Amino acid sequence: MGGYSRRSVLQLGGIAAVGTALPASGARASAEHTWPESFALLRRQWRDVTSAPFRSRPDRLGAKASGYLDTMAPARTSLWPGLAFPSFDDTPERLQTMARAYAMEGTGLTGDASLAQAVATGIDHYRRRVYTAGADPVGNWWNWQIGVPKRLLDAAVLIAPHLTEARSRALRDAVDHFVPERLLADYSGNSTGANRVDLCTVRLLLAILRGDPVKATQAVSALSPVFSYVSEGDGFYRDGSFIQHTSIPYQGGYGMVLLSGVACLFAVLRGSPWEVTSRVVLDSVERSFAPFVHDGFCMDLVNGRGIGRSAYGDHRRGDAIGSAVLLLSESASATEGARWRGMVKGWALRSARTDGRFAELLDDDTVPALPEPEGHRLLPMSARAVHRRRAWCAGLSMASHRIGHYEHGNGENERGWHTGSGMLYWWAEGHGEQYSDSFWQTVDPYRLPGTTVSTRRLPDGAGRGWGDTCPPARWVGGATDGWYATVGQHLYGLESTLEAFKSWFFLDDAVVCMGAGITARDGVPVETVVDNRRTDAHLTLEAGLAHLEGHGGYVLPTADLRTLREHRSGGSASRGYVTLWLDHGVDPRSADYVYLLMPGATLARTRARAADPLWARVLANTAGRQGVHVPSRGLTAVNFWNGGAVGGLTASGPCAVLVREGGDGTATLTVSDPRCDLGELTVTWDRPVAEVLGAHPSLTGSTTGRGFTLSFARPADLSGGSATVTVRLG
């Protein structure tokens, strides 16, 4: 390596531009090492980081690797009987498992030379017959550029002393052929977000195998675009959204892969000449990922086409995110790291099922388990919302001009048509597996909870693939003060003439659900699905209410409520369902609905709420405005689909307004521009106000007195977020 100077390598590609730059202390420490020592450090840290998920039961890893070793039988078309080439997933994964058992302590095969030689033979055998330079990369590009090379290189780095130079060079040449450096030259196409992190990891492993500092610097420098906020397309948004495939919220899939990959790279590169960090990634833990992890599982509303891959997939994704957060905590501040470890411990303790990877954390009495946070998180740029209270949680999935109704591809999720039509997920205590246990395999895809849909039959994979199913709707989002929220969706049906205006008002023990302007010309009935619970629980129907024992209650005009109890099958699973829905008839014109969802409520509490019609007063429910007033909370919330006046509030244009009067003579007004296209906005509140105590920077003027008027300049610059103004009442 004598041809490289340290200065030239570190300057190549602008390493200081990566993330928040190379820490000076790390640069000085690494300067004490030679290049061989630096790469030895990377190999040790790669081994330690990749072993972490197996530390609680290394014997299991050893037993699995031993079985693979015993049955390995190289042949012309396979490495193991029954796994015919190309075997993109299974064969490289088995070689990777064997290499990890060789490198990790306590597996029973640690340092076993015969195991390492078998891995080396297997890598070369697979390289000669499948992954060979010059081969035609047929099928999914991901296998050739990420899946296969990442596993083969991982295995090669771990057993490197047993890989001859000839075999190592042949593997390196093959990876160079399928994953050339030019893939990192442009941040577009398949080289964005999680894919970019994976491609950089492949190129870094290639550099480690070569001992090439120039290639290592190029690989790390290419991470830079991942560490910046975006305003469109793939990546992290300032409101916490994470998008992949241009229009799909993906914290639970590609986002999980990105977080895991970056956490791994931060740990592997620590103390080396390539050490990096990123405030954007660190902030994403609580801004982008934690909102969608509840009691250890990751909500399906941020998992694209992967929602139905397997039962309990949401819990496995939650475990993976938890592991990534733990690893990333080592790169965070002491305060952040402690908080994150407590957060993950709380997830693990409350999880209905976990794979045991958090055993060490659970046994650590110095780490207190943190409870679920309460509050509301609205992520308008990805048309998602999450509402939490002590005993329940809800998640809302919508579609907009920037977010697709659903994603299908590679034959997956071909009936997820209506997941973006206002699907309202909710979990009361003890029901963390509601959408986990074969829900997607057995649920009626035309009756997803919370949605308003045309019952027109759709073909599997309706609409363009890979998330290109965005409707024209711009008014999707709302306003939140962090505790309450008003959220709305101008709904256009997927491949139908359906149009509707849907609103959700998230409160302390309930969600007020409204729909108006429900219109269609498909020649079939239109339905609003109040709920579709996977349960065999007892259903009580009384005047003005419905109640599912052990789940929760609903306050609504039961004269219009339809119900169905059925068992549905899918694959090898059969599950019971109770469906509640409102039938708007064939080709409705301006139909509407109002109902109250009360997660976890007892029958007695549901009856009490149904007997108190003034608890929440509907101010308006039309295609122009939807609003509610809750006197006991001093709360008024209105979605203005157009400008107008309702409930003492007047708006000059489309917006969402949330007013909350405190008991101390103050009030907050929270305003947003969900369409993100207003040049200015004026909101008037018919209430005496003495003075403004605090305001968002977008507020350009206000008048107090017998009424209160607020003027906002370029509210669209909020990127769909909310502006809050605090006042003292007159």
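The values are calculated or read from the model by the stated rules, or taken from the named source; none is laboratory data. The structure presented is a predicted model; accordingly, all values stated were derived computationally and were not measured. All Cβ positions, even for glycine, are placed from backbone atoms using ideal geometry, and neighbour counts span all protein chains on display. To get the accessible areas, we keep the full protein, side chains included, count just its heavy atoms, and leave off ligands, DNA and RNA. Shrake-Rupley method; radii C 1.70, N 1.55, O 1.52, S 1.80 Å.
What to note about this one:
- Some residue of the range 711-718 being hydrophobic (A, V, I, L, M, F, W, C) and farther than 15 Å from residue 475 by Cα: yes
- The range 246-272 - residue that is part of a loop (DSSP other than H, G, I, E, B) and buried (at least 24 other Cβ atoms within 10 Å of the Cβ) and, of those, nearest to the chain's Cα centre (by Cα): 251
- In the range 524-550, residue most open to solvent (accessible area, probe 1.4 Å) [restricted to those that are small (Gly, Ala, Ser) and not in a strand (DSSP E or B)]: 543
- Within the range 46-70, the set of residues being over 18 Å from residue 119 (Cα atoms) and open to solvent by less than 50 Å² (accessible area, probe 1.4 Å) comprises 49, 52, 58.
- Against the numbered list (1) open to solvent by 10 Å² or more (accessible area, probe 1.4 Å); (2) farther than 17 Å from residue 424 by Cα; (3) part of a strand (DSSP E or B), residue 581 comes up short only at (2).
- Restricting the range 360-378 to residues that are in a loop (DSSP other than H, G, I, E, B) and closer than 19 Å to residue 290 by Cα, the residue that is least open to solvent (accessible area, probe 1.4 Å): 367
- Selected residue (criterion: most open to solvent (accessible area, probe 1.4 Å)) from residues of the range 87-138 that are among the small types (Gly, Ala, Ser), over 23 Å from residue 173 (Cα atoms) and in a loop (DSSP other than H, G, I, E, B): 108
- Matching residues, the range 308-359, being basic (Lys, Arg) and open to solvent by 40 Å² or more (accessible area, probe 1.4 Å): 309, 316, 339, 341, 350, 353, 357
- Filter result for residue 603 (hydrophobic (A, V, I, L, M, F, W, C) and open to solvent by less than 30 Å² (accessible area, probe 1.4 Å)): no
- When residue 687 is tested against (1) in contact (Cβ under 8 Å) with a residue 40 or more places away in the chain; (2) surrounded by 21 or more Cβ atoms within 10 Å (Cβ to Cβ); (3) touching a Gly at 6+ places or on another chain (Cβ under 8 Å), just one condition goes unmet, and that condition is (2).
- Answer residue from the range 704-715, given it is open to solvent by 20 Å² or more (accessible area, probe 1.4 Å) and out of contact with any Pro (no Cβ under 6 Å at 6 or more places or on another chain) and is farthest from residue 236 (Cα to Cα) among those: 705
- For the range 379-391, the set of residues classified as on the phi < 0 side of the Ramachandran plot and either buried (at least 22 other Cβ atoms within 10 Å of the Cβ) or of a type in the set (Val, Ile, Thr) (or both) consists of 379, 380, 381, 382, 384, 385, 386, 387, listed by residue number.
- Residue count, the range 551-573 (criterion: small (Gly, Ala, Ser) and open to solvent by 60 Å² or more (accessible area, probe 1.4 Å)): 4
- Unique residue being in a helix (DSSP H, G or I), among the β-branched types (Val, Ile, Thr) and open to solvent by 10 Å² or more (accessible area, probe 1.4 Å) when the list is 226, 214, 220: 214
- Some residue of the range 615-624 being farther than 16 Å from residue 501 by Cβ and surrounded by 15 or more Cβ atoms within 10 Å (Cβ to Cβ): yes
Rundown of residues vs (1) in contact with a Cys (Cβ under 9 Å, 6 or more places away or on another chain); (2) at pLDDT 95 or above; (3) farther than 15 Å from residue 153 by Cα, yes/no style:
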| position | (1), (2), (3) |
| --- | --- |
| 191 | no, yes, yes |
| 199 | no, yes, no |
| 203 | no, yes, no |
| 206 | no, yes, no |
| 217 | no, yes, yes |
| 226 | yes, yes, yes |
| 236 | no, yes, yes |
| 254 | no, yes, yes |
| 259 | no, yes, yes |
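- Residues of the range 62-86 classified as of a type outside the set (S, T, N, Q), within 20 Å of residue 138 (Cβ to Cβ) and assigned to a loop (DSSP other than H, G, I, E, B), total: 5
- Residue within the range 157-180 that is open to solvent by less than 50 Å² (accessible area, probe 1.4 Å), farther than 24 Å from residue 55 by Cβ and of a type in the set (S, T, N, Q) present: yes
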